[in-house]
Structure formats: C-alpha cells, structure tokens
C-alpha cells in the first residue's frame, strides 16, 4: 500500500450481505412480475384484445382484464391463471419491500439510507438497493471513484457481440449489475 499500487477494499459483514440478499430477492421478484405482466399482454395481443385506456397495470386495466369475455373456456383459464400469478408476484414484491423497511433501522447503514432519501426521487427501497450493492460510501474520495464501481474508464476498444454482431463503443461496463439498474429505477422514480 505504501507504493500506492494496492487499493483498500471494504469487506461487507454478514448483516450487510443479508441486506444485499434481501435487496436482490426484491429485484428478482420485480423482474418476475414484469415477466408475468408481459405474458398477459402478449396473450391479449394474440387474441386481438387491445386495452383502450392509457395507463396499463393500474386498477382500471386490471378490471378491464378481469371483465374480458373470452370465446373458449381454456383461454379464460389461462387468463385467470396469469392474473393470479401477477397478483402473487405483486404480493411477493410488497412482502419483500416491507421486509426491507423493517430491516433498515437495525442496519449499520441506516443513517446513510435516511440521508440518501433526502435526495429527490430516492425512496427507502431505492436507497437500500444502492447501498446494499455499493456498500459504505465513505470509502470513496470523490464521485469518479464511486462511478468506477460500475463503469471502468478509460473506454476500451469496440467489442462485437456474437448474438447481435453489433459494435459497442464508448464505456466498457463491468462490475455489479444492480447499481446500474438502481440508477435507472432512481431516474424513473424522480419523475414523480
């Protein structure tokens, strides 16, 4: 470390790892919920049913889905099962978010969670998600160091993706994927 070639690291304790597990479980539940909703949307589109309203997945949209009269009993069973799956996933997300809210007061980073919530668009769950992935923010000397966790600089050479044969130029993404998704979630919630 004296030569400046080594970088100090922060090693999370077991409680922090548990909060990270809880945060990631919530992220997985949100992803599952999104997939179930997509299944219903695809199913209705395949049947030629288009929701006339503007906002999907609100109470009006769900009511519209439940009132659909489908031609075949089998299709009605499929729709009911998919709606039940969406309901279960929504309840799962809510249970995990409540578990996060309940766990924060005893967490070592509880004060930082509160401080992050003072920023526009950051709620408790978003603050926990960011901190669970990044850890103690005091270990960073400046914002560039913090951003270095999910984005490595300088930009590397363009890479070809085998599946798409597209070239990516600019930043080379590396590190934990969750902070990046958290930033997207934060930006979406800041429009409220």
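What follows is calculated from the coordinates using simple rules that are stated; it is not laboratory data. Note that this is a predicted model, so its numbers are computed, not measured. Cβ placement follows ideal geometry from the backbone for every residue including glycine, while neighbour counts extend to all protein chains displayed.
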Protection-proxy order for peptides 133-142, 82-91, each taking the mean of Cβ atoms within 10 Å per residue, highest first
82-91, 133-142
Which FRET efficiency value, to the nearest 0.05, is calculated for residue 144 and residue 38 with the Förster distance at 35 angstrom and r the Cβ-Cβ distance?
0.40
Protection proxy ranking of 63-71, 48-56 - average other beta-carbon atoms within 10 Å, highest first:
63-71, 48-56
Modelling each spin label as a point 7 Å along the Cα-to-Cβ direction, I'd like the residue 123/residue 137 distance in nm, to one decimal.
1.9
Applying 1/(1 + (r/R0)^6) with R0 = 30 Å to the Cβ-Cβ distance of residue 101 and residue 64, what FRET efficiency is obtained, to the nearest 0.05?
0.45
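Sort region 1-98 into rounded, prolate or oblate with this rule: let a ≥ b ≥ c be the square roots of the eigenvalues of the Cα gyration tensor; rounded if a/c is under 1.5, and if a/c is not under 1.5, prolate when a/b is larger than b/c, oblate otherwise.
Cα axes put region 1-98 in the prolate bin.
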